[in-house]
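To start, the structure under review is shown below, and the notes come after it.
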Amino acid sequence: MSYTMNAAEFNEKIMKGHFRKIYPVIAAQIVERTGVTSGRCIDLGGGPGMLGVCLAKITSLDVTVVDLMPECVELARENSAEAGVADRVDAVQGVAEELPFENGVIDLVVSRGSIFFWQDQERGLAEVWRVLRPGGWAWIGGGFGTAELLHEIEAAKADDPEWNRKRKERMTQNPPEHFRAMLQRLGIDGVVEHQEAGMWIIFQKPKEAQA
Ligand SMILES: C[S@@+](CC[C@H](N)C(=O)[O-])C[C@H]1O[C@@H](n2cnc3c(N)ncnc32)[C@H](O)[C@@H]1O
């Protein structure tokens with residue numbers, strides 16, 4: 001499935017719209033669970049970069065937003081400057097399937113709402129594994145932080161039934177078992193957690209693994 005949303009529409013929806021509240025909540029959940037607060041982070045398929053920006057605000061991570069759309073690279077840079085973290089959040093154009101990073105150099109890869117659109121999800125996850133340093137974490141999937149925030153967004157989107165239909169269709173096409181099988185094929189020891197608020201693939205590259 002390819003991704004075709006217009007970047008300005010994105011920024012409007014994400015920055016100024018109902019999604020704004022979810023990013024700090026998700027960022028806090030990631031930091032609490034992984035304990036990663038320093039080093040290098042990728043916000044993969046980060047769009048306007050809000051998850052990366054929120055992570056930078058509560059940690060000392062250096063974040064690179066990676067997105068296939070050049071317009072998103074621009075928006076992510078604007079948003080990081082606006083949030084006062086431009087010195088630690090940059091953006092580059094790139095795809096999950098061929099990450100522009102060396103092996104074993106990244107402490108945390110986060111990705112929200114993007115894997116469902118990757119041309120080759122398995123290759124993208126293998127790339128995430130490749131760039132993680134031993135002991136590094138990945139948090140990849142989709143979600144809204146809490147069920148309450150999801151309900152708020154659903155209510156705000158009541159006049160847009162297509163949004164909910166497409167969201168549910170993506171979940172049906174990408175059930176947790178699909179990603180569990182993928183992790184198994186890749187030899188990655190991880191979990192796929194599915195709750196009302198979202199679905200996340202979470203793994204840590206073993207500390208003793210080769211970079
Ligand atoms: C629904 S948006 C989510 C944006 C952002 N992560 C957020 O939660 O606000 C999906 C993003 O994934 C990007 N994308 C889709 N396929 C990609 C790929 N193979 N590699 C990198 N980015 C990709 C799209 O350009 C888009 O910006």
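3J(HN,Hα) along the range 23-34, derived from phi through the Karplus expression 6.51 cos²θ - 1.76 cosθ + 1.60 where θ = phi - 60°, amounts to 5, x, 5, 5, 4, 5, 4, 5, 5, 4, 6, 8 Hz, with x in place of Gly and Pro. Beta-bridge orientation, the chain: approximately 40 percent antiparallel, per DSSP, counting only bridges with both partners inside. Counted residue by residue at 0.36 nm each, then reduced by the alpha carbon distance between them, the extension gain from residue 184 to residue 159 reaches 5.0 nm.
Ordering 25, 110 from the fewest to the most neighbouring beta carbons within 10 Å gives 25, 110. At an R0 of 25 angstrom, the distance between the Cβ atoms of residue 209 and residue 21 translates into a FRET efficiency of 0.10. Remark on residue 136: its backbone amide H falls under 5 Å from those of 205, a criterion applied only to residues 5 or more positions apart or on other chains, H modelled at 1.01 Å from N. Coupling constants for the range 56-73 follow from the phi torsions by the Karplus curve (6.51 cos²θ - 1.76 cosθ + 1.60, θ = phi - 60°), and in residue order they are 4, 5, 10, 9, 10, 4, 9, 10, 10, 7, 10, 8, 6, 8, x, 4, 5, 4 Hz; glycine and proline get x. The GNM of the chain, with springs linking C-alpha atoms under 10 angstrom apart, assigns the highest mean-square fluctuation among 49, 143, 190 to 190. Pairs of Lys residues in the chain are counted when their Cα atoms are under 20 angstrom apart and they lie 8 or more places apart or on different chains; the count is 10.
Read-outs throughout are calculated quantities, based only on the coordinates presented, and are distinct from any laboratory measurement. This one's a predicted model, so the numbers in the text were calculated from it and none came from an experiment. Virtual Cβ from ideal backbone geometry, glycine too; neighbours counted across all protein chains shown.
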